[in-house]
Amino acid sequence: MIRELLTKQNIEFAERAREVAERHIRPIAAQHDVEQTYPWSAQRAIKEAGLSGVWVPKEYGEKKWNTGGAVASYNTIFAVTQPGRGARGISAFVVEAGTAGYRVGKHEDKMGIRCVPVVEIHLEDCRVPKENLLGGTEGSGFKHAMMTLDLARPGVAAQALGLAQGALDLAIEYTGKRKQFGQSINSFQGIQWMLADMATHIEAARHLVYTAARAADARAKNVSKLSAMCKLFATDVAMMVTTNAVQLFGGYGYCKDFPIEKYMRDAKITQIYEGTNQIQRLVIARAILREAASSAE
Ligand SMILES: Cc1cc2nc3c(=O)[nH]c(=O)nc-3n(C[C@H](O)[C@H](O)[C@H](O)COP(=O)(O)OP(=O)(O)OC[C@H]3O[C@@H](n4cnc5c(N)ncnc54)[C@H](O)[C@@H]3O)c2cc1C
């Protein structure tokens, strides 16, 4: 990204995030991946650095976790409260962990993001006070879910972007050191072209992610379309880049001796959660067709 295009606050956040990642996440990532244990020390460091839930407006405080169900203090639960009204019959509630009738069930055994617990949550006769109804109005849950996705999708896209950039950095380092036929493999044109394509895709993804994030901050009208576009593009780029990075490591890319295979495993989920990339295409197509129809009126 061209640094001059960022605000002072953007740069400050990015630098703080990099510092936390280098000091508190990179050294323990492989260990937690193997053990499938939640990295509490990393979570504390992220929180202490003020990076937890940065997109949540200040007045709502503490970060809502979804995927981290087993470690969340608060959960947003969507329930049908008015059957027969379709999407308008869904309401959203804040349910605190520990509420009677709330139980964490099976922990999924996953391909990637192995240190983040993804769990079943069981609700049996779980009663919550009516103050916990989100937005204060029954039947507005679906609307809230869609609005949440508009803000959360750039977050997943940023996750994918970081994965892609990290994988490229490792690939550049490795191809500079690895020698074949008497020279570093990054002196071969075939390797240089792969690196160039990876870097170009990452840069394009970065611009789209930043644009969508700015549109979300500005509550822009077309935020749903941009959020879906950045999620779709950045996560497809992450999958392409991490797969190519594994390729550039040759046989070692396929082994756990090097961290690169983890990037590929972690990238895959970004194409699936927060709405699969097929669903992002539906959102984008509907938005552009709607725009075309309204401009034809
Ligand atoms: C590790 C992990 C963490 C998760 N965390 C959360 C979470 O925190 N909160 C949460 O709510 N959910 C979470 N999910 C659920 C996730 O969002 C869903 O798995 C995902 O949206 C896909 O839904 P599905 O599994 O029902 O797939 P399906 O809907 O069964 O889709 C199967 C395939 O069909 C395609 N497909 C479906 N409908 C269409 C269509 N109309 N047009 C074209 N293709 C279509 C899909 O893209 C996919 O390729 C998580 C899932 C995983 C694996």
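No value in this document is a laboratory result; all are computed from the given coordinates. All figures in this text were calculated on a predicted structure; none of them were measured in a lab. Note that each Cβ is placed from the backbone with ideal geometry, even for glycine, and that neighbours are counted across all protein chains shown.
How fast does the chain diffuse by Stokes-Einstein, in µm²/s, taking the Kirkwood radius from C-alpha pairs at 37 °C and 0.692 mPa s?
For the chosen part, D equals 155 µm²/s.
Measuring from the lowest to the highest alpha carbon on each principal axis, how far does the range 1-50 reach, largest first, in angstroms?
Cα extents, longest axis first: 41, 21, 13 Å.
Using the Cα atoms of the range 148-297 to build a convex hull, what is its mean projected area in square nanometres?
The orientation-averaged projected area of the Cα hull of the range 148-297 comes to 10.0 nm².
Can you list, bin by bin at 5 Å, the percent of alpha carbon pairs in the range 1-150, starting at 0?
Pair shares across the bins are 2, 8, 13, 16, 17, 16, 12, 8, 5, 2, 0, 0.
First obtain the Kirkwood hydrodynamic radius of the range 160-232 from its Cα pairs, then insert it into the Stokes-Einstein equation at 10 °C and 1.306 mPa s, and state the resulting D in µm² per second as a whole number.
113
Output ³J(HN,Hα) for the range 7-21: one whole-Hz value per residue in order, computed from phi by the Karplus curve 6.51 cos²θ - 1.76 cosθ + 1.60 with θ = phi - 60°, and x for Gly and Pro.
Calculated HN-Hα couplings, in order: 7, 4, 5, 4, 5, 5, 5, 4, 5, 5, 5, 5, 4, 4, 4 Hz.
Given Cα pairs under 8 Å that are at least 6 residues apart, what percent is the relative contact order of the chain?
Relative contact order comes out at 15 percent.
Apply 1/(1 + (r/R0)^6) to the Cβ-Cβ distance of residue 183 and residue 258, taking R0 = 30 Å, and write down the FRET efficiency to the nearest 0.05.
Rounded to the nearest 0.05, the efficiency is 0.90.
Give me the one-decimal nm value for the distance between modelled label points at residue 40 and residue 97, 7 Å along each residue's Cα-to-Cβ direction.
Here the answer is 1.0 nm between the modelled labels.
Taking the 0 to 90 degree range and rounding to the nearest ten, how far is the long axis of helix 223-248 tilted relative to the main principal axis of the chain, both from C-alpha atoms?
30
For the chain, what is the mean residue ellipticity at 222 nm derived from helices alone (per DSSP H run of n ≥ 4: -39500 (n - 2.57); sum divided by total residues; nearest 500 deg cm²/dmol)?
-18000 deg cm²/dmol
Got a sec? Charge dipole of the range 153-297, +1 on Cβ for Lys and Arg, -1 for Asp and Glu; which of 227, 296, 201 is way out at the positive end?
In the range 153-297, that residue is 296.
Out of the range 186-268, which chymotrypsin sites (Phe, Trp or Tyr not before Pro) are coil in DSSP terms and have no more than 16 other C-beta atoms within 10 Å?
188
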